[in-house]
Structure formats: C-alpha cells, structure tokens
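Step one of this worksheet: look at the structure below.
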Amino acid sequence: MARIAVIGAGMGAMATAARLAVAGHRVTVYERSQTYGGALGRYERDGFAFDTGPGLLYLPAVYRDLFVKTGKRSLEDCVDLVQVDPAVRHLLADGTDVALPNASTGGVAAVLDEAFGAGAGARWSAVMGRAREAWDRTRRPLLEEPLWPNWQVLGREPYPATRGSGLLRRRPPTLAEVAERELGGSLAALLEVPALLRGLGPAVTPASAAILPYMEHTFGSWYVRGGMRALATAVYERCRERKVEFAFGAEVREILVRDGRAAGLLLADGSEVAADTVVCGAAPGRLVESALPGGRWPEGTVEPHEGVASRFTLFLALRGARPEGTAHRTVVHSPDACAEARAAFAGEHAERPTVCVLRPDDPATRPDAAHEAVTVGAVCAPQGVLDWTDPQLVARYTERLLDAAATAVPGLRERLLWHEVRTP
C-alpha cells in the first residue's frame, strides 16, 4: 500500500483518488480552496442558484464507468440525469433558427434539410462520419489507456481523409477549412461553434475537433438535476466512502524530490508531507516545473499547454416563469466565429460575440415557478491580456452579452431583477 498525495480536488483529481483508493492505496487530497469540485461550483442568491462551470454533461459514460469501478451504487443511483431535448437551439447571424434533437443522427439530418435545404443533412452526416473515424482512432489511446510511448503518432493525421478523394494534403486541415469546404454558408457555423465555445479558434484548430459535435449527437446532452455541483458532490462522497482523506485550505507550494523522484509536498504553511507518489490534479505550470531537474521538461515530454482563452459569465435572475417548450441551451452566433476567436485571443472583442444561454427547467435553480435563472457565457481574452479589474470594460462587455442574450430570451431587460458578473 503506497502513500499517495493528490494535488487539487477537481473532478479529475477526485476520480483518480477514488480509483487509487480502490486499488488499496492510502490517498490524501490537498486542495488550496475550502471545497471540492474545481470548476463545478455553485452560486446562490435570493433563492436563485447557478452552476459556475459547465452546465451540461456530454459524455456520461466516463462517470458511469467511474462509479461502477469504485463502488456498488451506480451513477444514476447517486444523481438524477436528464436528457436535454432539444440538445441545442442555434440562432444564426443570418436569422436562421434551428433546434437540433438530442442523440438522433437521423433527426439532426432531417432538421438540417428543412433549415438549410435538401442535401444539408447528408453533407453534415458525411462530416460526422469522418469525425467518427477520428473518434475511433483516438478514443482508446487518449481516454482509455496510458499514453503511448510514441504518442507523437497521434498527431500525424487527426482528421482521416479517404484516399482518392483529393483531400490528402501536406498538413491536416483546420476545422474552419473543413466547415467551409464541406458544409459552407451558415451550416458551417454549426461545426465551428462547439470548438469556439471551448476556447478553440476554428481557423487554427485541427479538423479533428469535429468530434465535439459528433460526441454531442452520439452520446447526447445531459443535465444533472440540482445542477452540475450535484455531480461533484456525488464524486466527493464516493471518495469518502473509499476512505480518501481531504485537506482543504492546503495550498501546495512545491513538489519535494529525493533521489530523482517525487517524495512529497511542501505546503504554503511550511509543513512537509511525505508521499511515495504524487499526482498533480491541478494545472501543473510552475508547480511541477519546480520539481524538474533544472526546472525544464525532459525532451519528448508532453508539456502542459496554457490556453489563451477564458470565459465571461453572467448569472441572471429573472421575474416571470420559464415558458413551456423553452430550449435548455441556446447558442446565439456571431457573424464570423473565426474573426471572433482571433479578436478574443488578441485581447479585443467582437461587436456581436457568440453567447451560450442556459435556461434549465429545474426548481432547484429558482425561488419559485414565477422566476427563472439564466446563465449567459462567452469566450474572451484572459486576465493579463485585458484588465478585467477595469469596471468600464466589464460594463461594456456585460451590455454586449445582455444584448446577444435578449435574442434568445424575449423581454430579458424588462424581466431582469439582478445580474452577477464572473470575469476571468
């Protein structure tokens, strides 16, 4: 039985801790904040409640497997999962309004034919078919197995092309190139926006990112009753059942190294923790680099990548009931996703940003049926690129998001009781 120290109490870190504890190890999680869950937080005020991180679950099989492997109670025994239908409503810049059904390939194709003309569904299905190939090639080595020693081969052709199709080229195509070439027009935006909303610029992101809408169509969009925070609580409780210990308010300053390997942690209060193995479940950055010889990653190692995009989020408390038949998730598109991404990463803002509007039909999110809790989010430049402590900047961007969200929520301004802003 090894002593294992896990840094961070986010979802990945807690899942790792639970599996290690089942394997018979003594596991302690060190978290600098006072709670678990990482991005899956909760904001509550005046009877309204909002997820501070992701609002939907797109690959529930990952958590189903975790709960099967770590205890007797299944995921569905611990949380109430509900399929969202429609999966998403798209409001495109040209005025097109299209709602895609949940986990229905044929249903999506039929809707696209109706919205964009005959043949649109077939073109979309062809792209999703190739995205399935990319998913099949990368699923096991990236998600189900230890990373291969020759991991570089995974990047040789992330978006497979059929020989003889004329699509083989010197470099893999970008998502934007595939969207324009194979879909074109407004339909291309449906392929680009899932990547954009995750902070990926379509013009520089490999076409393999087409697996994002593929996964949504194949495995569905799911909502956790009570919010995604309920999922974090379920994983935390599973860890406790497996005798995982948690130390909250324990910031890790350094990974201790002895005889060329990790030997424990140095905490911010000056105390040292001995460990046989250290698992870094937080963004590694300088923390891990402090434990590397010369502070440098060895040649051939996969270094941590610090993304350049962040998020700007509004929590809206609205008077008035949520209308019957309202889509849970609506995406209000900007005129050009690629231009928007370039502007955001450069520290600028498009006049009309792409926004994601979440309107859950969940009594746990509102004080009563005569009110509604709505979350609005958009990709933006991180702190440092822009100064998000500037109240005028925050006010300007808030107004832009409210204007965009009003397209999806009629009467939003009149219904608004208050709003809470979360900047990068």
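Take the residues in the stretch 84-120 that are over 22 Å from the mean Cα position of the chain (by Cα) and in a strand (DSSP E or B); name whichever of them is farthest from Met228 (Cα to Cα).
Asp97
Return yes or no: is Leu402 of a type outside the set (S, T, N, Q), within 23 Å of Ala49 (Cβ to Cβ) and surrounded by fewer than 23 Cβ atoms within 10 Å (Cβ to Cβ)?
When the stated conditions are applied, Leu402 passes them.
Just checking, how many residues over the stretch 58-75 are at pLDDT below 95 and surrounded by 20 or more Cβ atoms within 10 Å (Cβ to Cβ)?
0
Just to be sure I understand, how many residues within the stretch 365-399 are within 30 Å of Val98 (Cα to Cα), outside any strand (DSSP E or B) and open to solvent by less than 20 Å² (accessible area, probe 1.4 Å)?
Total meeting the criteria: 4.
For the stretch 188-210, does any single residue satisfy the condition of being among the hydroxyl-bearing types (Ser, Thr, Tyr) and either within 29 Å of Val29 (Cβ to Cβ) or surrounded by fewer than 19 Cβ atoms within 10 Å (Cβ to Cβ) (or both)?
no
For the stretch 115-150, name all the residues that are out of contact with any helix residue (DSSP H, G or I) (no Cβ under 8 Å at 6 or more places or on another chain) and either modelled with pLDDT of 90 or more or open to solvent by less than 90 Å² (accessible area, probe 1.4 Å) (or both).
Passing the criteria: Ala115, Gly117, Ala118, Gly129, Glu133, Asp136, Arg139, Glu145, Asn150.
Please verify whether Gly129 is under 21 Å from Thr326 (Cβ atoms) and assigned to a helix (DSSP H, G or I), treating the condition exactly as stated.
no
Specify which of the listed residues (Gly37, Gly55) is open to solvent by less than 30 Å² (accessible area, probe 1.4 Å) and at positive phi.
Going through Gly37, Gly55 in turn, just one is open to solvent by less than 30 Å² (accessible area, probe 1.4 Å) and at positive phi: Gly37.
Within the stretch 230-254, take every residue that is surrounded by fewer than 23 Cβ atoms within 10 Å (Cβ to Cβ) and part of a helix (DSSP H, G or I) and give me the one that is farthest from the chain's Cα centre (by Cα).
My answer is Glu241.
Does Tyr36 count as closer than 27 Å to Ala275 by Cβ and in contact with a helix residue (DSSP H, G or I) (Cβ under 7 Å, 6 or more places away or on another chain)?
yes
Looking at the stretch 1-20, which of its residues are surrounded by fewer than 22 Cβ atoms within 10 Å (Cβ to Cβ), under 15 Å from Asp276 (Cα atoms) and of a type in the set (A, V, I, L, M, F, W, C)?
Met1, Ala2, Ile4, Leu20 - these are the residues of the stretch 1-20 that are surrounded by fewer than 22 Cβ atoms within 10 Å (Cβ to Cβ), under 15 Å from Asp276 (Cα atoms) and of a type in the set (A, V, I, L, M, F, W, C).
The values are calculated or read from the model by the stated rules, or taken from the named source; none is laboratory data. Keep in mind that what you see is a predicted model, and the values were worked out from it rather than measured. Neighbour counts are summed over all protein chains in view; Cβ atoms, including those assigned to glycine, are modelled from backbone coordinates with ideal geometry. Ligands, DNA and RNA are stripped out before the accessible areas are found, and what is left, the full protein with its side chains, is counted by its heavy atoms. Shrake-Rupley method; radii C 1.70, N 1.55, O 1.52, S 1.80 Å.
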